[in-house]
1. Restricting attention to segment 222-249, which residues are of a type in the set (S, T, N, Q) and crowded, with 23+ Cβ neighbours inside 10 Å?
2. Name the residues in segment 104-116 that are surrounded by 12 or more Cβ atoms within 10 Å (Cβ to Cβ) and free of Cβ contacts under 8 Å to residues at least 24 places away in the same chain, would you?
3. When you go through LEU308, LEU298, LEU330 one by one, which is the residue that is farther than 26 Å from LEU92 by Cβ and either modelled with pLDDT of 70 or more or not hydroxyl-bearing (Ser, Thr, Tyr) (or both)?
4. For PHE45, work out the one condition from (1) at pLDDT below 70; (2) exposed (fewer than 15 other Cβ atoms within 10 Å of the Cβ); (3) outside any helix (DSSP H, G or I) it doesn't fulfil.
5. Is there any pair with a first residue in segment 236-248 that is under 16 Å from LEU288 (Cβ atoms) and a second that is basic (Lys, Arg) whose Cβ atoms are under 7 Å apart and which are 6 or more apart or on different chains, and what are they?
6. Looking at the structure I just gave you, is PRO274 assigned to a helix (DSSP H, G or I), within 23 Å of LYS224 (Cβ to Cβ), in contact with a helix residue (DSSP H, G or I) (Cβ under 9 Å, 6 or more places away or on another chain) and not aliphatic (A, V, I, L, M)?
7. From the residues in segment 120-149 that are more than 19 Å from the chain's Cα centre (by Cα), assigned to a helix (DSSP H, G or I) and aliphatic (A, V, I, L, M), which one is modelled with the highest pLDDT?
8. If the Cβ limit is 9 Å and pairs must be 6+ apart or interchain, which residue in segment 299-319 that is closer than 12 Å to MET237 by Cβ pairs with which residue that is hydroxyl-bearing (Ser, Thr, Tyr) and part of a helix (DSSP H, G or I)?
Amino acid sequence: MLVESFRNPRTSRVRPERLALIRSRKEPLRFTAASDCIHACLYDFQRPEHPKDPENWIRGSRMVGQISAVSKWLKSSGADLILVPIPRVVELSPDAFLQTPPPPSGVIAPHLRYMIAELLRADVEVFDLFAALRQLPEAANVPIYLPTDAHWTDGAQRLTAKLVGKLLARYPFAEAARKAAPLYRQRPAQFRYGGYYYEYLTPPEMASTRASMTQSISEVVLTKGGTFSAGAQAPLMVVGDSFTAFAYVAIGREQSGEAVALRKVGDPFAEFKPPAGGGIVPYLGQELNVPVSHRAVLGATLEPFRDLFREPELLGGAKAVVWMVNMTSLFRDDAYSPNFRTPPI
C-alpha cells in the first residue's frame, strides 16, 4: 500500500506521529503533517474501491455535477469559472515522502488526475498547475512550500500569477488594461510566516528553520500611493481557500503555532504582520493591471458560491471567477453535500 510507504523518520516533543520530514534544496529541514499528506494526496485511498476503479468513483461523486452547475450559473450571469487546483507538496515531491520509488509518471494519486478529466468533460475550465509547479524547484531552485507550514511560498505564487495572467489575457478587460497606465508598482518588503507546525519542532529544529521563515519579497502597492486592497467591483474575482489568503490577510495568524511559540519566549517577531500587497491576489492584480475582488470564506467548499447565488450583485461585474483551492479540498465530505442546492440555470 502506498500509504504504508510514507516516511516519518523523526522524533518530536509533541505529536511525533503527525510530523514528517522532507528534503529541500536550500533549507536543511522541511516539515509537514504526515496525516495531512496522506489525506491531501490519497484521500482515503485505503478504501478498496478507490485505487481499483478511481475513474468510476469520480464519475459517481457529486462534485463534478455541482461544480458544473456553478460554472453554468456563472456563465448565465456573464462570468466564466476557471478552476485552478493547487497541488499539495506530497504530489509534487513524492520521492521525499515515499520509501519506495514513485511511478515513472510521478503521479501517486491518479484519482486527482481523473477528477480533472471529468471536470473538463463536464465543460468546466480547469487550469492545471501540476506540471508547472513540479518543474519549479528544478528550473529555478525555488522551494514551493513553506518549511513549517502546508501553504505555498512567494515564488510559487508569483509563478502562478504569471501563468494565470497569461490565461486571462484573452479577455477584453485584460486587453484594455494593457493599454492603461499602471495601477500598481512594487516595493521591497519582508514576509515572515513560520506556520502551524513551528511550535511542535525541537529547539535545534526551530533554530535550523528560523532563517528560512523570513523572506525578502516585493510588495504590490498602488502607483498613486496607498496599500493594495481587494475591491468589491472588479473584472476579476478570486475565490479560494487559505492558499489565496494566508499571505495577504494571514488567516489564522494569531492562532498559528508559530505565533503561540514565539509569544511563549517573548520573541519580538511574534506580532509580525505580512504586507498587505503580498500573495496571489495582489500579484494577479499587478500581472493584469486590473482591480481584483476576493472571497475566501470557506473557500475550500462551495460555500462562497452559495453567497453569490443568494446575492448575485456580489459578483460586482466580474467577467472571470478564478477558483483557487488546494487539490484535495475538492474531496471534502462537506463540500459537495446533498444539501447544497445548485443554482437555477
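1. The answer is THR244, and nothing else.
2. VAL107, ARG113
3. The unique qualifying residue is LEU308.
4. Looking at each condition in turn, PHE45 falls short on (2).
5. MET237/ARG295
6. no
7. LEU120
8. Listed by first residue and then by second, the contacts come to GLY299/SER242; GLY299/THR244; GLY299/SER329.
The values are calculated or read from the model by the stated rules, or taken from the named source; none is laboratory data. These numbers come from a predicted model, not from an experiment. Cβ atoms come from the backbone with ideal geometry, glycine included; neighbour counts cover every protein chain shown.
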